[in-house]
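To start, the structure under review is shown below, and the notes come after it.
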Amino acid sequence: GAAVVGLVRDYPSASEVLRNPIFESVRIVRGRAEDRGRVHQALAIHEVRTAFHLAGAGSEAKADNALATACREAMPEGHLIVPIRNGDEVREDRLVRFEYPIAVVRLPRLFGSGDRDATGLVTRTARQLLTGESVAPPRPEELAEPYLFAADAARGLLDLAERVADGPHELPATATGAEVVAALTAAARGEACDSPLSHAAVETLGWYRGRPEFVHCPARRSAA
């Protein structure tokens, strides 16, 4: 029910995201998260009350500072929500020290539609399943790694935004790496059952099936 504004960089990869019908109801502003002036302008013009900092890795410190400063100036009564990878204590400490209401949300590894990690466990498994290759078992460190379905993470962040709570939070994982692989394998065989993890696996495989560039491109190999 909210009026949503999205700050989008001028990258070719953004065009696929914006083709999703859901963005027909989203006001798009072009700009970079590191550009404090541009962010401030977007927040002020559209009278934003809650901001989600979803900018990718690579310039996190600069973007964190720019977003937090712009939010403090443009929406002093508002709130900033920043999901981070669980275990990133350096970034969490930087954010919670800022003099502004910031909810830092620790996330486990995500899986689902839109996962572009070409060498990750989910992409690797989906590629093997959809091309008929033998499915390599997860590496030992991947077996017990916690995973959370991306749609569940989005719902959790929206719920937090409605409660407007400051400080660190954590969204619990829904499966381990081994369980995700098992669910993907069952879905590929048509053995999916009526469970949240099974539905997530079916949706995830469907996303990869429609993107041959992920399915048919071999995974990168480390140099010998």
Quick one: would you say D10 is farther than 19 Å from A161 by Cβ and in a helix (DSSP H, G or I)? no
Of V82, V122, V105, the only residue that is open to solvent by less than 10 Å² (accessible area, probe 1.4 Å), touching a residue at least 60 places away in the same chain (Cβ under 8 Å), part of a strand (DSSP E or B) and touching a strand residue (DSSP E or B) at 6+ places or on another chain (Cβ under 7 Å) is V105
Can you tell me which of A150, A136 is at pLDDT below 90 and either surrounded by 12 or more Cβ atoms within 10 Å (Cβ to Cβ) or of a type outside the set (F, W, Y) (or both)? A136
Filter region 110-119 down to the residues that are over 30 Å from T69 (Cβ atoms) and at pLDDT 90 or above, then identify the one that is surrounded by the fewest Cβ atoms within 10 Å (Cβ to Cβ). G112
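The values are calculated or read from the model by the stated rules, or taken from the named source; none is laboratory data. Everything quoted here is computed from the prediction, not taken from an experiment. No Cβ is skipped: glycine too gets one built from the backbone with ideal geometry, and neighbour counts run over all protein chains shown. Just so you know, the surface numbers come from the protein's heavy atoms only, side chains and all, with ligands and any DNA or RNA stripped out. Shrake-Rupley method; radii C 1.70, N 1.55, O 1.52, S 1.80 Å.
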